1. If you average the sequence gap of Cα pairs under 8 Å that are 6 or more apart and divide by the length of segment 1-68, what percent do you get for the contact order?
2. Under unit Cβ charges (Lys, Arg +1; Asp, Glu -1), what dipole magnitude, rounded to 20 debye, does the chain have relative to its Cα centre?
3. What do you get for trypsin sites (Lys or Arg not before Pro) in segment 196-293 restricted to DSSP loop and a cutoff of at most 14 other Cβ within 10 Å of the site's Cβ?
4. Please report, in whole Å, how far the alpha carbons of segment 12-316 spread along each principal axis, starting with the longest.
5. Which whole number in µm²/s is D for segment 172-321 by Stokes-Einstein, with the Kirkwood Rh taken over Cα pairs at 10 °C and 1.306 mPa s?
6. How large, in percent, is the carbon and sulfur part of the accessible surface of the chain at a probe radius of 1.4 Å?
7. Where only protein heavy atoms count, and the probe is 1.4 Å, what is the accessible area per residue for the chain in Å²?
8. Residues in segment 188-203 near a label at LYS32, defined as backbone nitrogen under 19 Å from the 7 Å Cα→Cβ point?
Amino acid sequence: MLIDGHGREVTYLRVSVTERCNFRCQYCMPDKPFSWVPQENLLSFEDLFAFIKAAIDQGITKIRLTGGEPLLRADLDRFIRMIHDYAPDIDLALTTNGYLLSDVAQKLADAGLKRLNISLDSLKPAVAAQIAQKNVLGKVLEGIDAALAAGLKIKINMVPLKGINDNEIIDVMEYAKERGIEIRFIEYMENALAKDGLKGLLGKEILEKVREKYPIKKIGRSGSSPSFTYELEDGYRFGLIDPHKHDFCETCNRIRLTAEGYLIPCLYFDEAQSIKDSVEAGDIDGAVATLKTVLADKPKENRWSDEESETSNRAFYETGG
Ligand code: SAM
Ligand code: SF4
């Protein structure tokens, strides 16, 4: 069992397989980083898997692959199969922007992927292109259709931004609802790498927009999920992730691993420790010891609610969100 310094059990590992991306979302990576991490600095799938096996043996029960855009990493289905074959019952999920999904959705499902979160910020081609800084909508919608056809369980993530896509909250929710997909609205988390001047909607503002059309009932948070569930009168449920309240930090069960092998204890803070040298030397016990040190120092809560705090310097495309 993995327990952090605040007594929280950690069961959820998020693995970023690349920091590279084919989008330039304004809230995440508006400009291409000055230089990409050289390919040789990335942990190989074999080394990542060696650590993942040890993490599963220590008590990890849920793994999410993310990025950057994880589908840019070649042979991702091979990696998914490695994890699935080792632990078929593990809750194995992927977060993607959906652009490359239509060609690989079935392969990912066949390899053992169970769940998929797809980012969809707008149903208007021009607005989607404004946010991602690329003409993306058609391919993303094709990707969602292919994932549904492959039988994958999907959630849609939307980040509502003031004056950009905040008039589409109902439309994107109805698109998801018609397809039996849960949507999760995520508050924009300010960070030093996002486009200057960008403003997100707070959770209560997002709920007000939904209430303009639908009465909603509070359901609650399930387990350690950061997402709070709400229900419409017809039983459709949607989620809201509102880190500015950070009440979910109390039950945080997650740890993040970057493609370069850094373990990150909290999305907000800069702290990280590398397991790369240990894993590449075959010293898995050393990597597990580093994991335990990082967990011992895991912060109690993020600081997005704190107006006095510095803007977070964490790049979402490195941590995987
Ligand atoms: N490229 C994939 C994607 O976009 O789904 C996976 C990585 S992305 C970093 C993971 C999630 O983080 C996406 O749903 C994205 O919308 C969200 N995200 C990125 N930057 C964010 C920010 N500043 N505030 C809130 N959510 C953010
Ligand atoms: Fe890429 Fe995802 Fe970041 Fe958008 S949110 S730039 S798709 S990593």
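1. 59 percent
2. On the way: 42 positive and 51 negative charges, 147 e Å.
It works out to roughly 700 debye.
3. On the way: sites: LYS199, LYS204, LYS209, ARG211, LYS213, LYS217, LYS218, ARG221, ARG237, LYS245, ARG254, ARG256, LYS276, LYS292; in loops: LYS199, LYS213, LYS245.
Answer in residue order: LYS199, LYS213.
4. Projected onto its principal axes, the Cα set of segment 12-316 covers 57, 47, 39 Å.
5. Numbers: Rh = 17.5 Å.
The estimated diffusion coefficient comes to 91 µm²/s.
6. Carbon and sulfur together cover 46 percent of it.
7. Details: 13920 Å² over 321 residues.
On a per-residue basis, 43 Å².
8. 193-195
The values are calculated or read from the model by the stated rules, or taken from the named source; none is laboratory data. All figures in this text were calculated on a predicted structure; none of them were measured in a lab. Because the Cβ atoms are built from the backbone with ideal geometry, glycine has one as well, and the counts that use them run over all protein chains shown. Only protein heavy atoms, including side chains, enter the accessible area calculation; ligands, DNA and RNA are left aside. Shrake-Rupley method; radii C 1.70, N 1.55, O 1.52, S 1.80 Å.
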